[in-house]
Amino acid sequence: MDKNKQPFYITTPIYYVNGEPHMGHVYTSVAADVIARFKRLAGYDVYFLTGTDEHGQKVAQTADKLGITPQAVTDLYSQAFRDILPLFDISNDDFIRTTEERHKKTCQILWQKLEEAGAIYLDKYAGWYAVRDEAFYGEDELTDGPDQDTKIAPSGAECKWVEEESYFFRLSDYQDRLLELYANNPDFIGPKSSRSEIESFVKSGLKDLSISRTTFDWGVPVPGDDKHVMYVWIDALTNYISALGYGHDNSDLYTKFWPADVHLVGKEITRFHAIYWPAFLMAAELPVPQKIYANGWWVVEGQKMSKSLGNVITPQSLLDDYGSDGSRFALLREIPFGNDGNFTREGAVNRINGDLANGLGNLSQRTLSMIAKNCDGKVPVNNGYEAADQALIDAVYALPRTCETHIDAVQLHKYLESVWAIVGEANAYIDVQAPWKLKKEDPDRMNTVLYVLAETIRCLAIMALPVIPRGANAILDQLDIAQDDRQFSHIGSNYAVTQGQTLPAPSGVFPRIELVKEEAA
Ligand code: MSP
């Protein structure tokens, strides 16, 4: 923890451990990672949390199906989720499991706070429940199912009728305060489509929420009444503060990092984060998060990923096909963040070849090999900028500020568009300046042009670090930029490439991917 830096706390949803991770999960973690890396480079003290959601009926049912204990299921799949993080260069600071003691302790403390505030009462629940979504649904939200005992939720999940004793949270008391929160903080929920959906749901009236179950025991026991386990969503949402040590002897992280700057969530779980979570926190008199931002859903080659269709893209196949940088880039560059997307192999390959191999890769390869050949492998002398040079340099120096605005608005695609617009400008600049021609005609000018390009590439590589950390670092290595000089604060003339500095021999950074060959294989 760095006391001198401003805190920034970002979270992913915690993943259900009822199956193996797939591309959809990688997507959410990569998006959060790009923001976390960006804010670190912008000088913030970042805390980036991810983890696994291990209680509830869904996991209990998976254990039954596999014929092993729920604990064994959670150990198995939680590890699978943990293992993929380093493969995609996810730079999380912590990984929380909801079966850990530290988490259960915080859940029980929060529960007691809610109880003390008079926000919890005991009653009987009778209504529809979807195990797949771990959610209660109102009659008016459902359509008829295949038989009388089954209804279908808007998400497509099957709902069954449930009747049992249950503790309730007085959610209905928070309707006005929630609407006020949304009105006073227009950016609390994003994107706009999610915000309107949540707002109209709350306006239509909130019912008290059942927050405990008695018909199975795979959950955190309710303090003072262990016939009940907590409803998995009150348990799951609490991860965001249990990981910070809320209610523990040492709660320094909580003091520094709460409230979260952004909870990234999938669009189908916005309701839990933007309604229940702030209401629980308000009841416990704790600060609410700054922002809930929903990502859309990927389908693959036009179809929903499903085991039965056999079209699930596994993390390993992403890595085999595109590598870590390539996967990260393709997932984020393709669609406006927040929208649904159709992942196609052709689209991913075109992006990687177009923007990485031909775009940034070619720009640095062309420049660095010309420097190696024509400037004795040393950063050339800058003989003074002409208008075109200054325009390119000004554009690249302006990137940190523009991009931070996009990142703060969780417009990840706009951040990438802005950086790659300058990659395009730099490639156009090479073509117009044609340094290969200047070699004979005007070597001084050639030096300046190559200097401008080296400086532009240095800044572009720093800007690209959050999304393609491997390739961007490799470019910075080729420019011999010290590790400590790779922050956004180094983008500017004070840290410009050093004239006369000998550079290592250049080599290609982003290989092209062959679409046809791969498909044939
Ligand atoms: N356990 C809950 C979250 C609790 S947070 C307090 C949960 N888990 S999940 O494993 O089902 O989903 C985790 C995230 O993965 C969600 O944000 C979801 O949107 C995301 N994705 C799962 N499949 C996806 C796609 N096909 N495309 C994009 N993201 C999707 O919900």
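The values are calculated or read from the model by the stated rules, or taken from the named source; none is laboratory data. All figures in this text were calculated on a predicted structure; none of them were measured in a lab. Please note: Cβ atoms are built from the backbone with ideal geometry, for glycine as well, and neighbour counts cover all protein chains shown. We work out accessible area using only protein heavy atoms, side chains counted, and drop any ligands, DNA or RNA first. Shrake-Rupley method; radii C 1.70, N 1.55, O 1.52, S 1.80 Å.
The charge dipole of the stretch 15-96, taken about the Cα centre with unit charges on the Cβ atoms of Lys, Arg (+1) and Asp, Glu (-1), comes to about 180 debye, rounded to the nearest 20.
Taking label points 7 Å from Cα along the Cα-to-Cβ direction, Ala505 and Asp208 give a separation of 7.6 nm. Accessible area per residue for the stretch 23-160, computed on protein heavy atoms with a 1.4 Å probe, is 40 Å². The alpha-carbon of Lys65 sits under 21 angstrom from the alpha-carbons of these lysines, leaving out residues fewer than 8 places away in its chain: Lys160, Lys307. Need the C-alpha centroid separation for the stretch 470-510 versus the stretch 38-116, integer Å. So the separation of the two Cα centres works out to 37 Å. Taking only the C-alpha atoms of the stretch 356-477, Rg followed by Dmax gives 14.5, 49 Å. If the segment from Thr255 to Ala398 were pulled out straight at 0.36 nm per residue, it would be longer than the present Cα-Cα gap by 48.1 nm.
Computed with a 1.4 Å probe on the full set of protein chains, the accessible area for Trp218 sits at about 50 Å².
Only aspartates and glutamates eight or more places from Lys105 in sequence, or on another chain, were considered; those with a Cα closer than 12 Å are Asp235, Asp249.
Place +1 on the Cβ of every Lys and Arg and -1 on the Cβ of every Asp and Glu in the stretch 243-353, take the dipole about the Cα centre, and give the residue among Phe337, Val262, Pro315 whose Cα lies farthest towards its positive end. My answer, from the dipole projection, is Phe337. How many percent of the accessible area of the chain is carbon or sulfur, using a 1.4 Å probe? Ligands and nucleic acids excluded, carbon and sulfur give 47 percent. Compactness of the chain was expressed as the Cα radius of gyration divided by 2.2 N^0.38 Å, which yields 1.10. Model label sites at Glu301 and Gln487, defined 7 Å from Cα along the beta-carbon direction, differ in position by 4.7 nm.
Each Lys or Arg adds one and each Asp or Glu subtracts one; over the other residues with Cβ under 13 Å from the Cβ of Ile481, this totals -3. With the simple model of a label 7 Å out from the Cα in the direction of the Cβ, Glu514 to Asn185 spans 5.3 nm.
Straightening the chain between Asp147 and Asn311 buys 56.1 nm, computed as 0.36 nm per residue apart minus the Cα-Cα spacing.
Quick one: check the C-alpha center-to-center distance for the stretch 203-227 versus the stretch 259-290, whole angstrom. Between the Cα centres of the stretch 203-227 and the stretch 259-290 lies a distance of 18 Å.
Computed per residue of the chain from DSSP H runs no shorter than four, each worth -39500 (n - 2.57), the mean residue ellipticity at 222 nm is -14000 deg cm²/dmol. With the biggest extent put first, the Cα atoms of the stretch 243-388 measure 68, 47, 33 Å across the principal axes. Applied to the stretch 170-186, the Karplus parametrisation 6.51 cos²θ - 1.76 cosθ + 1.60 on θ = phi - 60° returns per-residue 3J(HN,Hα) values of 6, 4, 4, 5, 9, 3, 5, 5, 5, 4, 5, 4, 5, 5, 7, 10, x Hz, with x for Gly and Pro.
What is the count of Lys pairs in the stretch 323-443 whose alpha carbons sit under 23 Å apart, if the two are 8 or more places apart or on different chains?
The result is 6.
Remark: accessible surface ordering of Leu286, Leu264 (largest first) is Leu286, Leu264, probe radius 1.4 Å.
Rolling a 1.4 Å probe over the protein heavy atoms gives the stretch 174-261 an accessible area of 43 Å² per residue.
Backbone amide hydrogens, once placed in the peptide plane, bring Gly190 within less than 5 Å of Ile292, Tyr293, Ala294, excluding anything fewer than 5 places away on its chain. Taking a sphere under 11 Å around the Cβ of Leu41 and counting the other residues whose Cβ falls inside, with K and R at +1 and D and E at -1, yields a net charge of +3.
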